[in-house]
1. Residues in segment 266-281: is at least one closer than 22 Å to residue 362 by Cα, away from the ligand (no atom under 13 Å from the Cβ) and either part of a loop (DSSP other than H, G, I, E, B) or within 15 Å of the chain's Cα centre (by Cα) (or both)?
2. So which of 327, 339, 303 ends up being touching a strand residue (DSSP E or B) at 6+ places or on another chain (Cβ under 8 Å), free of Cβ contacts under 8 Å to residues at least 60 places away in the same chain and within 15 Å of the ligand (Cβ to nearest atom)?
3. Please verify whether residue 457 is farther than 20 Å from residue 242 by Cα, touching a residue at least 60 places away in the same chain (Cβ under 8 Å) and within 16 Å of the ligand (Cβ to nearest atom), treating the condition exactly as stated.
4. Considering every residue within segment 473-487, establish whether at least one is within 16 Å of the ligand (Cβ to nearest atom) and in contact with a helix residue (DSSP H, G or I) (Cβ under 6 Å, 6 or more places away or on another chain).
5. Looking only at segment 458-472, decide whether some residue is open to solvent by 40 Å² or more (accessible area, probe 1.4 Å) and within 23 Å of the chain's Cα centre (by Cα).
6. Kindly evaluate residue 259 against the criterion of being open to solvent by less than 60 Å² (accessible area, probe 1.4 Å), within 20 Å of the chain's Cα centre (by Cα) and at pLDDT 70 or above.
7. Which count do you get for residues in segment 418-441 that are away from the ligand (no atom under 11 Å from the Cβ), in contact with a Lys or Arg (Cβ under 9 Å, 6 or more places away or on another chain) and open to solvent by 20 Å² or more (accessible area, probe 1.4 Å)?
8. Restricting attention to segment 283-300, and to residues there that are on the phi > 0 side of the Ramachandran plot and either open to solvent by less than 50 Å² (accessible area, probe 1.4 Å) or assigned to a helix (DSSP H, G or I) (or both), which single residue is farthest from the ligand (Cβ to nearest atom)?
Amino acid sequence: MSAIGSSKELSDIDRDVQSARELALLGQYEQASVFYEGVIKLIQKNVQSCPEPRARDKWLTMRQNLTVELQNVKNIVRILESMHMDGGKGGNRRFEEYHEDRGAGDYDDYRNDPDVFGPQQPPFARVQRPPANRRSNIPAEKPVSKPVVPKSNNAAANRVAQARINAAGAANQKASPNQPAKGKAAPPESKAAPQGAAGGKDRDKVPVKAEDKPFEPSGYDKDLIELLQRDILMRNLNIHWSDIAGNADAKRLLDEAVVLPMWMPNFFTGIRRPWKGVLMVGPPGTGKTLLAKAVATECGTTFFNVSSATMTSKWRGESEKLVRLLFEMARYYAPSTIFIDEIDSLCSKRGSESEHESSRRVKSELLTQMDGVDSGNEPGKMVMVLGATNFPWDIDEALRRRLEKRIYIPLPDKEGRRQLLEICLKDIKLAPDVSLDAIADMLDGYSGADINNVCRDAAMMAMRRRISGLNAEEIKRLDPEEVDLPTTHEDFQIALKKVSRSVSNDDLKRYEDWMKEYGST
Ligand code: ADP
């Protein structure tokens, strides 16, 4: 392993791995994540310059293991957060139960059921399926490797931390006890269960809104519905415009394109009809996802957060069904915002090298569904599609046409960077020598996510110094005030050296050129 990095870097890595695990052991998952992310980046940076294949392999394995541990820590945070969520799940339960109770009938039967959609429901267009003759661009599902504990000075603490993290990983897998194993259909008896019977008392506790019409997604696997509810349907986002630094133009455009039509549906008709879809374009980490969540919060809409990874990797062959169900569900919970992150990978150019039969079907289904989203007809039943991409030039032309409004989300300017620093550091003690203006200048060319990383790293420096050399027991005994020391200007300088900007000038030029050709202002 000594083939890469200076001895200082190696001891930094060793120390940070130890800190990450100890913090995870102490239940300080946020801080643990920062250490994990930092050390993974450090390994990644060094691994590229490692000339020795065997040493390189070892580092790659270590990075992989740490990534799994980080994922487990994040899973714990997710589980904890989900335990705090409120009863918004009532709607989810009803949706799922209703499906269960009805059994998986024929899709068209359900579409024709006037009790569900009423007599006005337009027929669904059938998808044209082009021939299969291309290579797949859909990544196979990665096997999850078992985390391995690299050697460290504090073996005992590491072992305990490791056991905790592994246990949390296992707990997370058990977190959805009702979910059948991947690829398996739900057991038939669960479908036949009468409403309110299966699941016992808990089911009776589900709040039922009087205005809710039962939704009947017959013809879908229970797995698909669960996937949507667990990974895609998001509630209680609580992200407001004010949580997003800068981006004044983008906020104004989104307000006009998405928020106002939801508020004043009767005005946005005819020539003023809302856009079929809105595309946010820009470098990674500039706040596109945050903006989408703010749109949903400001509009009070149900938010479906779709990433192409969820759509394609887990559900090969069924992804188009998932797209259909997604839009069904969005209509059911309308007004809704369907946010499709990395929409380019769901809808790459037709006929491109990487296009695969199943991805074509997904694409066709998405286009069909978007054509069906004629939100202007039914105020209050709006479904708005909001896409985001870091690679707009890869987007299929047919989809680009449907994403009529295209908004650029640039790197933050000086004012945006300063605002972001204020947001990131609002709960952090700063030493008197810290000038946010000066730091905003130093961060020129950094994305919002880069700035966030710099702040997180800088904010951890004092704590790192304080716990350096202490074992888990000693760390546990520390008073919280002892580690919550002010962050200094030098801490930012050190953090800045560790986190480099992630967007190059060439990339920026490419975005600007694309926006000149296809963008809206
Ligand atoms: P994108 O979707 O453009 O890749 P995200 O919205 O996922 O970027 O941003 C990643 C993280 O970076 C966010 O969680 C947030 O912490 C930070 N961030 C980026 N831009 C901003 C911004 N303008 N205001 C506040 N936070 C931001």
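The values are calculated or read from the model by the stated rules, or taken from the named source; none is laboratory data. Predicted model only: the values in this text are computed from it and were never measured. Glycine gets a Cβ as well: all are built from the backbone with ideal geometry, and neighbour counts include every protein chain shown. For accessibility, only protein heavy atoms count, side chains too; no ligands or nucleic acids. Shrake-Rupley method; radii C 1.70, N 1.55, O 1.52, S 1.80 Å.
1. For segment 266-281, residues closer than 22 Å to residue 362 by Cα, away from the ligand (no atom under 13 Å from the Cβ) and either part of a loop (DSSP other than H, G, I, E, B) or within 15 Å of the chain's Cα centre (by Cα) (or both): present.
2. Result of the check over 327, 339, 303: 339.
3. Against the criterion (farther than 20 Å from residue 242 by Cα, touching a residue at least 60 places away in the same chain (Cβ under 8 Å) and within 16 Å of the ligand (Cβ to nearest atom)), residue 457 qualifies.
4. no
5. No, because not a single residue in segment 458-472 is open to solvent by 40 Å² or more (accessible area, probe 1.4 Å) and within 23 Å of the chain's Cα centre (by Cα).
6. Details: open to solvent by less than 60 Å² (accessible area, probe 1.4 Å): yes; within 20 Å of the chain's Cα centre (by Cα): no; at pLDDT 70 or above: yes.
Taking the combined requirement at face value, the residue does not satisfy it.
7. 3
8. The first filter runs over segment 283-300 and keeps only residues on the phi > 0 side of the Ramachandran plot, leaving 285, 287, 300.
Those left that are additionally either open to solvent by less than 50 Å² (accessible area, probe 1.4 Å) or assigned to a helix (DSSP H, G or I) (or both): 285, 287.
Numbers: 285: 5, 287: 3 Å.
Per the criteria, the residue is 285.
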